[in-house]
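Written below as structure tokens is the structure these notes are about.
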There are 2 protein chains.
Amino acid sequence: MEQATRRTTIADVAKAAGVSKAAVSFAFNTPERLSADTVSRIRDIATTLDYRPDPVARMLAQRRTWTIGLLTPQGLDVIFTNPYFGEFSAGVATAAEAAGMAIQFISPLHGSLTRAVDRASVDGVIAVGLGAEHPEVGQIRRSGIPFVVVDSTALRDEPGVTVDDEGGAALAARHLLELGHRRFLVIGIEPPSASDRAEPTGVTARRLGGYRAALAPAGIELDDEAIVVGPASLEGGIEALRRAWARGSRPTAVLAMSDAMAIGAMRAARELGLRVPRDLSIVGFDDLDLAQYTDPPLTTVHQPIRRKGQEAVRLLLAGGRHRDEEPSEQQLLATRLVVRGSTARASSGPEGVVDDGR
Amino acid sequence: MEQATRRTTIADVAKAAGVSKAAVSFAFNTPERLSADTVSRIRDIATTLDYRPDPVARMLAQRRTWTIGLLTPQGLDVIFTNPYFGEFSAGVATAAEAAGMAIQFISPLHGSLTRAVDRASVDGVIAVGLGAEHPEVGQIRRSGIPFVVVDSTALRDEPGVTVDDEGGAALAARHLLELGHRRFLVIGIEPPSASDRAEPTGVTARRLGGYRAALAPAGIELDDEAIVVGPASLEGGIEALRRAWARGSRPTAVLAMSDAMAIGAMRAARELGLRVPRDLSIVGFDDLDLAQYTDPPLTTVHQPIRRKGQEAVRLLLAGGRHRDEEPSEQQLLATRLVVRGSTARASSGPEGVVDDGR
DNA sequence: GCGGTTTAGCAAACCGGTTTAGCGGACCGT
DNA sequence: ACGGTCCGCTAAACCGGTTTGCTAAACCGC
């Protein structure tokens, strides 16, 4: 992978046009500093010579890369195949593009996120799903690059955008409660790497808090038996419900912390001979595009994923300007429950029984 | 978004260590050129000063960006939310990462792919789904950057990786034929931009060719009425089947050119009161992860999407070395039919009738 | 003690742009 | 005719690394 022929540089154009390098630069960047016909002469020659300014050289000189980094603790293979990240990235990408910025994914490189951050040349970073315990946060802050955090409430001193996870989760739980459900299974998201486990402020904890807050008034509490976790994927959801079932859980309703897991749970339920929602109600979280096309369509908590990405970009771009003056801006976006077909009135089993005792 | 404090440069480290800039550079890149203790001294000082070489400066000096570009005619918002691209990108990413390369998405910028190519600083390009008629191909070739094409057979003179679309499509059609189907609807992929329309060598054309080749021996030919196209998305599939139905098509089997469209078609079929596969058989193309989890599980043509991405990277990385000597390497990957639950024996209507005449 | 080879490190050129300070000439009013 | 201002452009410094001679000292055998 070697360059075949040397590409035309600004010096070539300058020589051909009989002007200085500066003039060529001006012709493209600040044409008002040159006379109109000099500009057009230079531009003509440039097109003839097929001159395209080297982006790297430009980055170095301007000390701007016109790139914003998307930092995630997950590897690229899971990022790209995860619909949630897909929608989020789409939001980031459109907003970034509108601002003339490119986006660069920063994911653990050979297992090290730190190394990946070093290699990345970006003007700003959007860190998604990173807790305070991640050393990379300090690394970035020290490097002086502006950044905003997404989906992590731990870093109150940094600008960030979050979603009302507690509220949304509570909505979901209350909905099931109203349908008469009393035996619940929570399918939770397992953090990507071991070091992230038991993070007290992560998405998982916040949603769990929401479930609990809604269930408590009804006298229901979620013990460890009522919670099962796994990777936030379809397979993870299948696995989770299977495991719970195998160890004796007999819920009438499932609170899944992601749509992917909810869909997986629907699938697993079918395998177990359960009809959704007749025998088992399932509510997800996220409201992916896909959620409306499942069979039955998935009842779920909607969160504005794309907008989250766009807001993150907005915050990042606005952030630097009044850096030290104002307190860092925190954005909290609303969630809402979307009732579709995967939830129904509880029918089987005696109501009020929280645990079927195996 | 301004840099707060100037980061430590190689000159700072050199001064602090009492050596030349070159020595610092050597200490990291070619430590064998320095004495062992000088190396460790420089490295210690570098860590103390929290020195991290500026990637951009390095790129400029080495004239390598350690980045490969992923060129697509679609916008980033569709790329990121499309499961096919997701899996493909995941393949590219893992292979690239293994080779120490980052990946950069190159998508139309303000509608212009040319502009996007100019802005991108990459060592090589993987162009996916680009036909010969795209001027960008010429642009890249002229710029001397190595590139490989994916999913386009038009550019035989460039290295590329393709999948046996004809063969796979034929398999799908024959499968339905064997189940007794005679009335077919093809749901095709519509090219992303108007200029790409009617590309004679695109994926759509190849798969259509496969269908036709398999159907012809049975005396069935696909006229325009039997073909409907739309964007390669779930919504596109829904829309397509609805449109076909509305204009009077009454097929017993659907040949969809992508799984997303097939899933959409399943959804639309249900809305129309058709049971899949009892009243309507559907076969997709791609074999996305998702395909095994639909209800019923989707019969589809499997293609090795991830591997396609990996092979593209391999070809790109190997490409430059023996550039002019060998003929450009072409890689053709096999497809196979995966029979699941969305296809069944044709039951309704008189067999042998190709068109129900409204 | 001498020429010849290594070794360790330096100075400077270079990558390809941007940006600042400044210069010569045209134009202006008086 | 003269000093001042404006216009159009240039020369050179700069961004932060890498890489290419090259040199001075150390090492070598004899």
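Every number here is computed from the coordinates shown, using simple stated rules; none is lab data. Values in this document were obtained by computation on a predicted structure and should not be read as measured data. Note that we place each Cβ from the backbone using ideal geometry, even for glycine, and neighbour counts take in every protein chain shown.
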Give the long-range amide H neighbours of A:I103: residues separated by 5 or more places, or on another chain, with amide H under 5 Å away, using H modelled in the peptide plane at 1.01 Å from N.
A:I68
Phi-based couplings in Hz for the range A:115-126 (Karplus 6.51, -1.76, 1.60; Gly and Pro marked x)
4, 4, 5, 4, 6, 7, 10, 9, 8, x, 10, 10
A convex hull over the alpha carbons of chain A yields, per residue, a volume in Å³ of 171 Å³
Apply the Karplus parameterisation 6.51 cos²θ - 1.76 cosθ + 1.60, with θ equal to phi minus 60°, to every residue of the range A:184-190 and state each ³J(HN,Hα) to the nearest whole Hz, in sequence, with x for glycine and proline.
10, 10, 9, 9, x, 8, 8
Give me the net charge of B:L241's neighbourhood, meaning all other residues with Cβ under 12 Å from the Cβ of B:L241; Lys, Arg count +1, Asp, Glu -1.
+3
The range B:165-303 shape via C-alpha gyration tensor axes, a/c threshold 1.5:
rounded
Rounded to the nearest 500, what is the protein assembly as shown's calculated 222 nm mean residue ellipticity when only DSSP H runs of at least 4 contribute -39500 (n - 2.57) each, over all residues?
-12000 deg cm²/dmol
Tell me, what is the percent relative contact order of chain B, built from C-alpha pairs under 8 Å that lie six or more residues apart?
17 percent
Pull out the extension gain between A:K21 and A:S347, defined as 0.36 nm times the separation in residues minus the alpha carbon to alpha carbon distance; nm, one decimal.
109.4 nm
Inter-copy distances for B:R64, nm, shortest first, label points 7 Å along Cα→Cβ, are 3.0
Rounded, prolate or oblate: pick one for the protein assembly as shown, where a ≥ b ≥ c are the square roots of the eigenvalues of its C-alpha gyration tensor, a/c under 1.5 means rounded, and failing that, prolate if a/b is larger than b/c, else oblate.
oblate
Gain in length, B:F28 to B:L332, computed as 0.36 nm per residue apart minus the alpha-carbon separation, to one decimal in nm?
105.3 nm
Starting from the Cα of A:A99, step 7 Å along the direction of its Cβ; do the same at B:R243; then give the gap between the two resulting points in nm.
3.7 nm
Please compute the average number of Cβ atoms from other chains found within 10 Å of each residue's Cβ in peptide A:293-305.
2
List the distances, in nm and shortest first, from the label point of A:L332 to the matching label points in every other copy, placing each point 7 Å from Cα along the Cα-to-Cβ direction.
6.1
Here the correct list, in nm and shortest first, of distances from B:A216 to the same site in the other copies, label points 7 Å along Cα→Cβ, is 7.2
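Calculate the translational D of the range A:10-53 in whole µm² s⁻¹ from Stokes-Einstein, where the hydrodynamic radius comes from the Kirkwood formula applied to all Cα pairs, the temperature is 10 °C and the viscosity 1.306 mPa s.
162 µm²/s
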Degrees between helix B:203-215 axis and first principal axis of chain B (Cα, 0 to 90, nearest 10)
30 degrees
Sorted by chain and number, the residues with a modelled amide H under 5 Å from that of B:Q331, at a separation of 5 or more or across chains, are B:G160, B:V161, B:T162
Counting only residues 5 or more places away or on other chains, whose amide H sits under 5 Å from the amide H of A:R340 once H atoms are built in the peptide plane?
A:T299, A:T300
Using a Gaussian network model of chain A with C-alpha springs under 10 Å, which one of A:P55, A:P159, A:P83 is most mobile by mean-square fluctuation?
A:P55
Between helix B:259-271 and chain B: long-axis angle, C-alpha atoms, 0 to 90°, nearest 10
40 degrees
Could you work out the relative contact order of the range A:52-155, using alpha carbon pairs under 8 angstrom and six or more residues apart, expressed as a whole percent?
30 percent
Averaged across B:76-85, how many Cβ atoms of other chains sit within 10 Å of each residue's Cβ atom?
6
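So, counting K/R as plus one and D/E as minus one, what does the shell of residues with Cβ under 13 Å around A:H302 add up to?
Value of the local net charge: -2.
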